[in-house]
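See below for the structure under consideration.
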Amino acid sequence: MDRSSRLYARSRRSIPSGVNSPVRFYAPRPFFASRARGRHIWDADGARYSDLCNGYGALLLGHADPGVARAAAAQARKGSLYCVPTEQEAELAELVTGLYCPGGRARLVNGGADAAAAAIRIARAATGRSKILKFAGCYHGAVDPLLVEAGSGAAGAPSSAGVPRQAARDTLVAPYNDAAAAGDLLDRHDVACVMVEPAAANMGLVPPGRGFLRSLRRLSRRAGALLVFDEVVTGFRLAPGGAQEAYGVRPDLTMLAKALGGGYPLAAVCGPPRLMDRLAPGGPVYQASTYAGNPVSVAAALAAVRSYKRPLYSRLGRMCRDLASRISDAASDAGVEHVVHRASSIFQVFFTGGPVRDLESVRRADHAMFGRMFRSLLSRGVFVAPSQYESSFLSAAYRPEDVAGLGEAYGAAIREASHG
Ligand SMILES: Cc1ncc(COP(=O)(O)O)c(C=O)c1O
């Protein structure tokens, strides 16, 4: 028995299903990581994989980036938790607000779900309304009212067991990329906020269709609802200023996580003072956490965000375009119907005649084929997230010359998977 199998048998005895987050599991057992550096991750048996999961997008610079690791280690030696404010928190908030809400404020929290909970509370307080409009296939964290048609691990379930019906009662759901359906719901209900992944990355990657985000901006403003961009994946990924920079549409509130922390747990919600100053202690909206603005995470985030320079995005975009076209060519050569989506350094392949524009069309793709491709890729030393509902991510640790090898691995995996 290999070491990952032994560790899995051991973990299952003390951790539910042996994993601390459901998407980490794949049958018969996930590999257990021992270390990671640059573009590689090693399993407990010493096998090396090219990582295209990259912390579900968090690791824009790759694993153990020297600058980020140095900053985190230096801070850890100076103390890891003060529970009083630091200069570095202000510095990071200035960087974040400069890019995402000039003149505004950012509250640092621990993860994307915390940011979602805070954004909803601010929106409800600001509008005096309780309803939330979200989109099928968009995931915003394991937050009760948002675990409805949530893509990713929760896809297909109207909600999770343990979520009371009342918690989801105020959640309206429209199909992604369907501004008319969203407009109809906004006409018929008093909605506090429209929350959307500006490029959906939790049902595979589904970019916004032409005009979708702009229509949401117009419709939510007309309805007196706030527009919340969940940029947990897209923030600092699509561009330094995220999807709102890439697509040219500004929301009222922005949620950030993943790449913000550069591989350390950190998230933020940000927006203009008229909304953010409603947060306690200055305002009546309660939001708090012991680890918020954790000094080690903030030090890592400062090092990471300072190195997210524009040329990095052009280089990653070129590599990703090259990889996406190699995957598409390989699937065509294998005679397999497919759609490959790409946005900056994010990509995903769907085995379907397409088009893929919402959760329904993602569901129609051949998920069994995706699963076979995933296994075959793994056997060829390439690690992607195990589910069609996730996306793949390049990091700055890849070089243009690595792309041909990745393309070949995809080609061989798609050929093998297509034989059933
Ligand atoms: C778009 C999006 N929003 C929110 C979340 C929740 O973030 P966290 O897992 O840090 O709570 C995720 C997590 O994958 C996400 O992809």
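Do we find that Gly156 is out of contact with any His (no Cβ under 8 Å at 6 or more places or on another chain), at positive phi and at pLDDT 90 or above in this structure? Judged against the criteria, Gly156 is not a match.
Only residues that are outside any loop (DSSP other than H, G, I, E, B) and either free of Cβ contacts under 8 Å to residues at least 60 places away in the same chain or farther than 22 Å from Tyr139 by Cβ (or both) were counted across region 182-219, and they come to 15. Each residue in region 12-37 was checked for being more than 21 Å from the chain's Cα centre (by Cα), surrounded by fewer than 16 Cβ atoms within 10 Å (Cβ to Cβ) and under 19 Å from Gly371 (Cα atoms), and 2 pass. Cβ-Cβ contacts under 6 Å between residues 6 or more apart (or on different chains), taken from a first residue in region 290-318 that is assigned by TED's automatic domain parsing to the domain that holds Ala73 and buried (at least 20 other Cβ atoms within 10 Å of the Cβ) to a second residue that is in a helix (DSSP H, G or I) and of a type in the set (D, E, K, R), are listed as Gly293/Glu89; Val298/Glu89. Just so you know, in region 350-369 the residues that are β-branched (Val, Ile, Thr) and outside any helix (DSSP H, G or I) include one that is surrounded by the fewest Cβ atoms within 10 Å (Cβ to Cβ), and it is Thr352. The set of residues in region 183-201 that are of a type in the set (D, E, K, R) and farther than 14 Å from Met255 by Cα comprises Asp184, Asp187, Arg188, Asp190. I'd like to check something: does region 69-81 contain any residue that is polar (S, T, N, Q) and within 30 Å of Met319 (Cα to Cα)? No, that holds for no residue. The listed residues are Val163, Val173, Val249, Val232, and the only one of them that is among the β-branched types (Val, Ile, Thr) and buried (at least 23 other Cβ atoms within 10 Å of the Cβ) turns out to be Val232. The residue that is farthest from His341 (Cα to Cα), counting only those in region 214-241 that are away from the ligand (no atom under 15 Å from the Cβ) and of a type in the set (A, V, I, L, M), is Ala223.
Okay, residues lined up against (1) within 21 Å of the chain's Cα centre (by Cα); (2) not small (Gly, Ala, Ser):
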site: Asp358; (1), (2): yes, yes
site: Arg372; (1), (2): no, yes
site: Val384; (1), (2): yes, yes
site: Leu406; (1), (2): no, yes
site: Ser418; (1), (2): no, no
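Taking the listed residues Gly263, Gly282, the one that is on the phi > 0 side of the Ramachandran plot and either crowded, with 18+ Cβ neighbours inside 10 Å or not hydrophobic (A, V, I, L, M, F, W, C) (or both) is Gly263, with no other qualifying. Looking at region 12-113, the strands (runs of 3 or more DSSP E) lying wholly inside it that each contain 1 or more residues that are touching a residue at least 40 places away in the same chain (Cβ under 8 Å) and within 16 Å of the ligand (Cβ to nearest atom) sit at 105-109.
The values are calculated or read from the model by the stated rules, or taken from the named source; none is laboratory data. Quick caveat: nothing in here was measured; it's all calculated off a predicted structure. In this analysis, Cβ positions are derived from the backbone assuming ideal geometry, glycine residues included, and neighbour counts consider all displayed protein chains.
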